[in-house]
Amino acid sequence: MNNEKLNLIRLLTGAAIFITGFILEIITKYDFFPLFLTAYIILGGDIVYRALKNIFKGQFFDENFLMSIATIGAFILGEFSEAAAVMLFYQAGEYFQDMAVRRSKKSITDLMDIRPDYANLKEGGNIVKVSPAAVRPGDIIVIKPGEKIPLDGIVIEGSSMLDTSALTGESVPRKAEIKSAVLSGCVNLNGLLTVEVTKTFGESTVSKIIDLVENASGKKAKTENFITRFARYYTPVVVILAFLLAVIPSLLLDGEWRTWTHRALVFLVISCPCALVLSIPMGFFAGLGRAAKNGILIKGGNFLEAFNQLDTVVFDKTGTLTRGVFKVTSMQNANGFNEKELLEFAALAESFSNHPIAVSIINEYGKDELKAKSASVSIDDYKEISGCGISVNMNGKIILAGNDKLMEKNNITFTKSQSTGTKIYISYNGLYAGCVVISDEIKKDSREAVSALKERGVRRTVMLSGDNPGIARVIAAEIGLDEAYGGLLPHEKVEMMEKINAKKNVNGKLAFVGDGINDAPVLAMADIGIAMGALGSDAAIEASDAVLMTDEPSKLAEAIDIARFTKKIVRQNIIFVLTVKTAFLVLGAFGAATMWEAVFADVGVSLLAVLNSMRILNKKI
């Protein structure tokens, strides 16, 4: 059974015993000391224990000490129900706070899935399965289709497509061939690769990612709880005032020590900050609930509070500002061919491929149309030309589809496209037909999100991407970002984040928004790590402090609005509680307020503060 369930059981048990004793006391007019003492021990035993432990450490003045001395004072006065009630209110506040602040990014279990379990080491003519840690630079390993690349190295034999999304976040597979550098953590999709290892496992890319997440998680300081800071000053002041209230008038008014001691203990009970303890976490709890209602999961009140101070927001590109779905964005026909013919040639050439680029071309042309066209023509002699593209024979005419190298290799006169994106050049029977441009589609609310952040005072917006630097800059300009950096691996993103962090305002906060496993290190090291929840990886979500469940970057502005309104309500509660508390302290010191009145006022103040906090849930964002 976890601590949350145990705390709830303790709270409910203590509350049930307290209510039983309270009702019996009203009915019978007798004190039910055993019931109130039992409730007190259940609800406040750990508080008294912590107070004693802190005293032995020399830490006298904290909220545990104040709660303990105030309630023990109530028992001395014979106010048993009040003593138990104070602990009940305090524990209720603590329970709500525990619900609001959940464990954040300590768990990186899912990230460990990118760690390879073994390496196929080539020894002579044999293949031996060994631990990646046992492989040394210069050793030869074999990666079969479907396996993770266990160590960084250079391909010395074979070719294949690699899924690099765990490292770069890019959904388009990359070609690996002889002399290509391959990184650990990638997945070999189809061909058999023989690789010469260049780094030990400890120095490999996959190990760096895991280490970065673990180390970055420890860098972030926790927001200090307000009540602890407040108690550093409040607690010693009220304890000293209570002592002076008991001693000085008794010395001046001989024989009145019982009256003034009674007032001093009442003063201590009144000073107990349970209304404050309850109202502050309830305000943040309501703010977290309102954010969740809007599809924004924030993993604690301290992170919600940090949204008020956002100075710099750093975005990943693919899956964050763009959809991560590739589509035909433009076509440039040439030599008398029209766009329909150009797309048709491209679709026929790519009809045998499952590559994402091929899929995007086929989807643009139409699957049914391609099926009908393929039935009416003869397509054969399909060839995949390594590092260049595809060649097919259609009714005796050769169609070439690929990069500029393919055109140059076949002596096709063509014009290089200046468009941003992946360019597929097409030739038909030796004549250049044009270029099809494939690009990642920008999310419809990305521009709106950046504009809304600027309106809310975010000074700097930046993009970090594993994609081509030129593409990253063009997309950043379209969206309205201040800066963009491309071609970055995870450890390079961390290095860039450290540079960006050094330039933020002193009291400002840095947020990073990403969606992939490769984003986990920077999510963990940012002041606020924000993950995309619908399409984001589990590791990114675990490493983050907030999750946008709808994958809409415009939700960031909503999070800021909710954080600001929450701060306003919490501030109102603090001022209201402290004002009423001060008034009753004065009344208690002059004997105008009894302990019952003080507790009743405290409960009333708590209720009003909670009702005020509930306004957050109904606030239109």
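The values are calculated or read from the model by the stated rules, or taken from the named source; none is laboratory data. Keep in mind that this is a model prediction, so the values were computed, not measured. Glycine also receives a Cβ, built like all others from the backbone with ideal geometry; neighbour counts cover every protein chain displayed. Remember, those area values only see protein heavy atoms, side chains included, never the ligands or the DNA or RNA. Shrake-Rupley method; radii C 1.70, N 1.55, O 1.52, S 1.80 Å.
Please sort 240-250, 315-325 by packing, taking for each peptide the average over its residues of neighbouring beta carbons within 10 angstrom, highest first.
Details: 240-250: 16.3, 315-325: 24.4.
Descending packing order for the listed peptides: 315-325, 240-250.
Pairs from the table (317/405; 504/620; 144/175; 317/555) lying more than 21 angstrom apart at Cα are 317/405; 504/620. Residue by residue, the stretch 354-368 carries 3J(HN,Hα) couplings of 9, 4, x, 5, 4, 4, 5, 5, 5, 5, 5, 6, x, 5, 5 Hz when phi is fed to the Karplus relation 6.51 cos²θ - 1.76 cosθ + 1.60 (θ = phi - 60°); x denotes Gly or Pro. The figure for residue 157 is an accessible area of roughly 110 square angstrom, using a 1.4 Å probe on the protein chains alone. Of the solvent-accessible surface of the stretch 410-501, computed with a 1.4 Å probe over protein heavy atoms with every protein chain present, carbon and sulfur atoms account for 45 percent.
For the stretch 2-47, the carbon plus sulfur part of the accessible surface works out to 73%, probe radius 1.4 Å.
Residues whose amide H falls under 5 Å from that of residue 139, counting only those 5 or more places apart or on a different chain, are 197, with hydrogens built in the peptide plane. Using a probe of 1.4 angstrom and keeping all protein chains present, the accessible surface of the stretch 447-530 works out to 38 square angstrom per residue. Scoring 345-354, 445-454 by mean Cβ neighbours within 10 Å over their residues and listing the highest first yields 345-354, 445-454. Out of residues 5 or more away from residue 443 or on other chains, whose amide H comes under 5 Å of its own, with H placed 1.01 Å from N in the peptide plane? Excluding prolines and chain starts, which carry no amide H, the hits are 322, 323. Taking all protein chains together, 95, 90, 30, 382 sort by accessible area into 30, 382, 95, 90, largest first [probe 1.4 Å]. Under the criterion of Cα pairs below 8 Å and six or more residues apart, the relative contact order for the stretch 344-412 equals 25 percent. Could you tell me what % of all Cα pairs in the stretch 430-472 have separations over 12 Å? That tail contains 75 percent of the Cα-Cα pairs.
Using θ = phi - 60° in the Karplus curve 6.51 cos²θ - 1.76 cosθ + 1.60, the 3J(HN,Hα) couplings for the stretch 488-494 round to 9, 8, x, 5, 6, 5, 4 Hz; x is entered for Gly and Pro. Computed with a 1.4 Å probe on the full set of protein chains, the accessible area for residue 341 sits at about 70 Å².
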